[in-house]
Amino acid sequence: MKILITGGCGFVGSNLAVLFKQFYTDVEVYCLDNLSRRGSEINLKKVLAFGGQFVHGDVRVKTDFDRIPAVDIVIDAAAEPSVLAGKVLGELENLIDTNLNGTINTLYFAKKHQAGIIFLSTSRVYPYDTLAEANLIVLQKRFNLSNDQALQGLSDQGVAENYPLEGLRSLYGATKLASEYFIQEFAYNFNLPAVINRCGVLSGPFQMGKIDQGVIVLWMAKHLWKGKLSYIGYGGIGQQTRDVLHIRDLFRLIQWQISNLGQQRCQIFNVGGGLTNTVSLAELTSMCEQITGNRIEISSSLEGRPGDLPIFVTDNAKISMFSGWKPEIRIETILEEIFLWLRNDHKVLKSILS
Ligand SMILES: NC(=O)c1ccc[n+]([C@@H]2O[C@H](COP(=O)([O-])OP(=O)(O)OC[C@H]3O[C@@H](n4cnc5c(N)ncnc54)[C@H](O)[C@@H]3O)[C@@H](O)[C@H]2O)c1
């Protein structure tokens, strides 16, 4: 089997590439990446060390795909993944060109080779303005979702796929939702096997966490190297809560999806750590303190940022019913693995992540 991973030197792409090479001796993995994300050049070394093939190219440039041989599966993981991106002009063009036009170029390539498509979409397709109105249970160190919710698709188990899409979702969320629509049309019109995974927060080693994306790694790195952090919004005490999925749990699902791609008919699945794997920023602080043995000062900013959410939890019921897949790796293990990766590779990572 031959697999193309666009964004193959990013956090998701490089992990998947390495895992494919570790699990299967007969899989060829091509990683297309323009190395625009800081730190992706470090992930590239891991990909090459495990026998992945690198194509230095840009998904915005359709002809860059001509350098890749025919493949069986395309995993679309190239993106500008920040929910805050797009506020300044250059950034906006890159966001739309990479996330939407880049996906369309990827679709042309998949169509040319009749390849199956796995799309890494995001929970950010769900509107933040209605999600911000969810009924919460406010605890001292976190928020929980109440079981009394007005909107369909929302319960104390989290957000399901039938949550209404009307509303604002960020420029990032809009590019990903628009991409979903094109994927569905290509899949239907050109008979391409496909599946769309709307992922919540993903984490694990190789994630180059920064203030606007990759918060779990950012939090651990700042504790390890004694940097500065801030609780932003919601009273500035870190109650905002997310579910977190380990990248290896995502890989297990993608293994199943590749084996059963024909069955999936370009369905959309929410994919996340789920209710049992949620953590608030305040809780994350305690865990990072415990693992690193370091305490750092965390400032407070009362003012939130556009698109902020008090809580997001993925309701995995649909994908679990369909495939039998469930997340297995607990948040504590995710943090331990991140810590070990940062400590072992500190020479190359400290300047990027501290
Ligand atoms: N990390 C998460 O928590 C998360 C959650 C939901 C969805 N996703 C989705 O998963 C996918 C992968 O995200 P990630 O966390 O690995 O992000 P990442 O930034 O770590 O990886 C993206 C990779 O794409 C590359 N890239 C960016 N623009 C490119 C271009 N024009 N041409 C070629 N390569 C380009 C970057 O250099 C980087 O290596 C994205 O589509 C993102 O929307 C991620």
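Brief remarks on what is shown
Per-residue answers, yes or no, for (1) polar (S, T, N, Q); (2) on the phi > 0 side of the Ramachandran plot:
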{"position": "GLN114", "(1), (2)": "yes, yes"}
{"position": "PHE119", "(1), (2)": "no, no"}
{"position": "ARG124", "(1), (2)": "no, no"}
{"position": "PRO127", "(1), (2)": "no, no"}
{"position": "THR130", "(1), (2)": "yes, no"}
{"position": "GLU133", "(1), (2)": "no, no"}
{"position": "GLN140", "(1), (2)": "yes, no"}
{"position": "PHE143", "(1), (2)": "no, no"}
{"position": "GLN152", "(1), (2)": "yes, no"}
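- Scanning region 185-212 for residues that are surrounded by fewer than 22 Cβ atoms within 10 Å (Cβ to Cβ) and on the phi > 0 side of the Ramachandran plot returns a single hit, ASN191.
- Criterion violated by HIS56 - all others in (1) open to solvent by less than 20 Å² (accessible area, probe 1.4 Å); (2) over 25 Å from LEU245 (Cβ atoms); (3) near the ligand (Cβ under 10 Å from one of its atoms) satisfied: (1)
- Pair list, Cβ < 7 Å and 6+ apart or interchain, from region 296-318 residues that are on the phi > 0 side of the Ramachandran plot to residues that are open to solvent by 10 Å² or more (accessible area, probe 1.4 Å): GLY307/VAL83; GLY307/TYR128; GLY307/SER170
- Once region 12-25 is narrowed to residues that are near the ligand (Cβ under 9 Å from one of its atoms) and in contact with a Lys or Arg (Cβ under 8 Å, 6 or more places away or on another chain), the residue that is farthest from VAL47 (Cα to Cα) is ASN15.
- Filtered residues of region 275-325 (kept if part of a loop (DSSP other than H, G, I, E, B) and closer than 27 Å to TYR172 by Cα): LEU302, GLU303, GLY304, ARG305, PRO306, GLY307, ASP308, LEU309, PRO310, VAL313, ASP315, ASN316
- Residue within region 227-238 that is surrounded by 17 or more Cβ atoms within 10 Å (Cβ to Cβ), among the small types (Gly, Ala, Ser) and either under 17 Å from the mean Cα position of the chain (by Cα) or under 23 Å from ARG37 (Cα atoms) (or both) present: no
- Verdict on LEU218 being within 28 Å of LYS176 (Cα to Cα) and either within 11 Å of the ligand (Cβ to nearest atom) or open to solvent by less than 40 Å² (accessible area, probe 1.4 Å) (or both): yes
- Within region 26-53, considering residues that are among the β-branched types (Val, Ile, Thr) and within 12 Å of the ligand (Cβ to nearest atom), the one least open to solvent (accessible area, probe 1.4 Å): VAL47
- Neighbours by Cβ (under 6 Å, 6+ apart or cross-chain): first from region 1-25, under 19 Å from GLU80 (Cβ atoms) and open to solvent by 10 Å² or more (accessible area, probe 1.4 Å); second within 16 Å of the ligand (Cβ to nearest atom) and among the β-branched types (Val, Ile, Thr): ASN15/ILE247
- Residue in region 165-182 that is open to solvent by less than 60 Å² (accessible area, probe 1.4 Å), within 17 Å of ALA132 (Cβ to Cβ) and more than 21 Å from the chain's Cα centre (by Cα) present: yes
- Scoring GLN255 on the criteria (1) open to solvent by 30 Å² or more (accessible area, probe 1.4 Å); (2) within 14 Å of the ligand (Cβ to nearest atom) leaves a single failure, condition (2).
The values are calculated or read from the model by the stated rules, or taken from the named source; none is laboratory data. From a predicted model like this one, the values you see are computed outputs, not experimental measurements. Virtual Cβ from ideal backbone geometry, glycine too; neighbours counted across all protein chains shown. Only protein heavy atoms, including side chains, enter the accessible area calculation; ligands, DNA and RNA are left aside. Shrake-Rupley method; radii C 1.70, N 1.55, O 1.52, S 1.80 Å.
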